[in-house]
1. Please find, within segment 107-123, the residue that is surrounded by the fewest Cβ atoms within 10 Å (Cβ to Cβ) out of those that are out of contact with any Cys (no Cβ under 8 Å at 6 or more places or on another chain) and assigned to a loop (DSSP other than H, G, I, E, B).
2. Looking at segment 232-246, is at least one residue modelled with pLDDT of 95 or more, within 15 Å of L61 (Cβ to Cβ) and assigned to a strand (DSSP E or B)?
3. Tally up the residues in segment 192-222 that are of a type outside the set (S, T, N, Q), in a loop (DSSP other than H, G, I, E, B) and surrounded by fewer than 19 Cβ atoms within 10 Å (Cβ to Cβ), please.
4. Condition first: touching a Pro at 6+ places or on another chain (Cβ under 7 Å) and hydroxyl-bearing (S, T, Y). Now tell me which residues in segment 264-310 satisfy that.
5. Working only within segment 118-165, note down all residues that are over 18 Å from Q180 (Cβ atoms) and over 22 Å from the mean Cα position of the chain (by Cα).
6. I'm trying to understand the selection: among the residues of segment 81-106, which are closer than 13 Å to G134 by Cβ, buried (at least 24 other Cβ atoms within 10 Å of the Cβ) and of a type outside the set (A, V, I, L, M, F, W, C)?
7. Given T272, T253, which one is of a type in the set (S, T, N, Q), surrounded by fewer than 20 Cβ atoms within 10 Å (Cβ to Cβ) and either assigned to a helix (DSSP H, G or I) or in contact with a strand residue (DSSP E or B) (Cβ under 8 Å, 6 or more places away or on another chain) (or both)?
8. In the list P56, P26, which residue meets the criterion of being free of Cβ contacts under 8 Å to residues at least 40 places away in the same chain and of a type outside the set (K, R)?
Amino acid sequence: MLTLPWPVHAPVAANGVVETTVDYLPYGQRRPDLQYSEILRRILDRGIPAPTRQGPRALTLMQQTMQFDLANGFPIITERSMSSFWRKPIGELCAFINGATTVEQLREFGCTWWDPWATPEKTSSRGLPPGDLGPGSYGGAFMNFPTSEGKGFDQFQHIVEQIRELPNDRTHFISPWIPQYQVRGVGKTPRTTISPCHGWVHVRVLDDQLHLHMFQRSGDVPVGVPSNIVQYSALLLMFEQLTGKKAAAYYHTISDAHIYDDQVDSVELMLTRAPRPFPTVRLTEQGRNVQDIHDFRAEHFEVSDYDPHPSMPGIPVST
């Protein structure tokens with residue numbers, strides 16, 4: 001039986017029609033959410049040290065899950081401030097939905113942090129042009145997934161159509177993983193400079209409301225995971241706008257959840273801070289007019305009631 005930490009609210013308007021926007025509780029009635037801090041603490045207490053390609057060891061735990069009823073607020077963490085950055089992960093996801101596979105294309109959506117993953121050394125070793133992340137990256141998988149017919153398959157366009165036409169189906173699923181492009185080992189050449197870490201998405205319509213579960217195989221919990229939470233919670237609001245189904249809950253599973261050795265001191269300091277209630281995030285008026293998922297942009301989202309602790313030294317806001 002599905003259980004949530006808070007009840008899912010589905011308000012009914014005066015005319016008896018269920019409203020199709022998130023019904024946030026008043027800010028003063030929202031409960032501070034402890035799930036993110038609890039994962040950080042579990043990794044520090046029970047994480048297994050493991051070597052990494054990035055250099056520092058990583059304390060690692062498998063299978064960590066959070067679930068957020070959107071009525072309790074939009075899940076932007078409050079243990080450290082993301083005020084200057086929270087829209088940028090949404091812009092990144094919008095870029096991927098539109099098939100961006102190069103640093104230049106990502107910059108058009110405000111994503112300026114991908115250069116280290118597209119250096120000449122990384123691209124040339126994979127037979128890719130400079131600045132190209134490869135057809136096996138997020139944008140390639142999401143908008144141009146290889147098919148036997150030759151034409152790439154647009155997963156996001158399809159899932160919106162399928163939710164509209166067959167809302168009760170259990171196969172509303174998206175994958176960022178093109179197996180033949182992720183190969184590694186002797187004599188094998190991957191077709192991407194970094195294997196996708198997040199983006200396995202499963203959507204269910206339950207009681208006429210949207211539930212979105214995002215699975216990620218690997219998550220840098222202090223830095224990357226807060227951005228991933230924001231971008232896929234925003235995806236739930238996009239689906240709400242495009243399907244007319246109310247956004248109810250977001251679920252986030254990290255298979256390999258880790259904290260790097262050089263992040264430990266900052267994480268310990270962050271854990272002295274009590275989480276505060278989540279803020280409100282809504283689509284702007286322009287965002288509420290979007291009819292095609294490819295037309296969403298980061299600026300179509302606005303935040304209010306965000307009261308985080310200050311930014312953390314040693315933990316950047318960027319992914």
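The values are calculated or read from the model by the stated rules, or taken from the named source; none is laboratory data. Keep in mind the model is a prediction, meaning the values are calculated, not measured. Cβ atoms come from the backbone with ideal geometry, glycine included; neighbour counts cover every protein chain shown.
1. Step one: filter segment 107-123 for residues out of contact with any Cys (no Cβ under 8 Å at 6 or more places or on another chain), giving 107-108, 110-123.
Filter again for assigned to a loop (DSSP other than H, G, I, E, B), leaving 108, 110-114, 118-119.
Working: E108: 13, G110: 16, C111: 22, T112: 11, W113: 14, W114: 22, A118: 24, T119: 14.
Only one residue tops the list, namely T112.
2. Here is the first cut: in segment 232-246, the residues modelled with pLDDT of 95 or more are 232-246.
Now restrict to residues that are within 15 Å of L61 (Cβ to Cβ): none.
No, the conditions are met nowhere in segment 232-246.
3. First, pick out the residues of segment 192-222 that are of a type outside the set (S, T, N, Q): 194, 196-208, 210-215, 217, 219-222.
Pick out the ones that are also in a loop (DSSP other than H, G, I, E, B) and you get 194, 196-199, 207-208, 221-222.
Narrowing further to those that are surrounded by fewer than 19 Cβ atoms within 10 Å (Cβ to Cβ): 194, 207-208.
Final tally of qualifying residues: 3.
4. Once the filter is applied, which keeps residues that are touching a Pro at 6+ places or on another chain (Cβ under 7 Å) and hydroxyl-bearing (S, T, Y), segment 264-310 yields S266, S304, Y306.
5. If we filter segment 118-165 for residues that are over 18 Å from Q180 (Cβ atoms), which is where we start, we get 118-124, 129-131, 154, 156-165.
T119, P120, E121, K122, T123, S124, P129, P130, G131, R164, E165 - these are the residues of segment 118-165 that are over 18 Å from Q180 (Cβ atoms) and over 22 Å from the mean Cα position of the chain (by Cα).
6. T101
7. Working: T272 fails: either assigned to a helix (DSSP H, G or I) or in contact with a strand residue (DSSP E or B) (Cβ under 8 Å, 6 or more places away or on another chain) (or both).
After ruling out the rest, the residue left standing is T253.
8. Numbers: P56 fails: free of Cβ contacts under 8 Å to residues at least 40 places away in the same chain.
From the options P56, P26, the qualifying one is P26.
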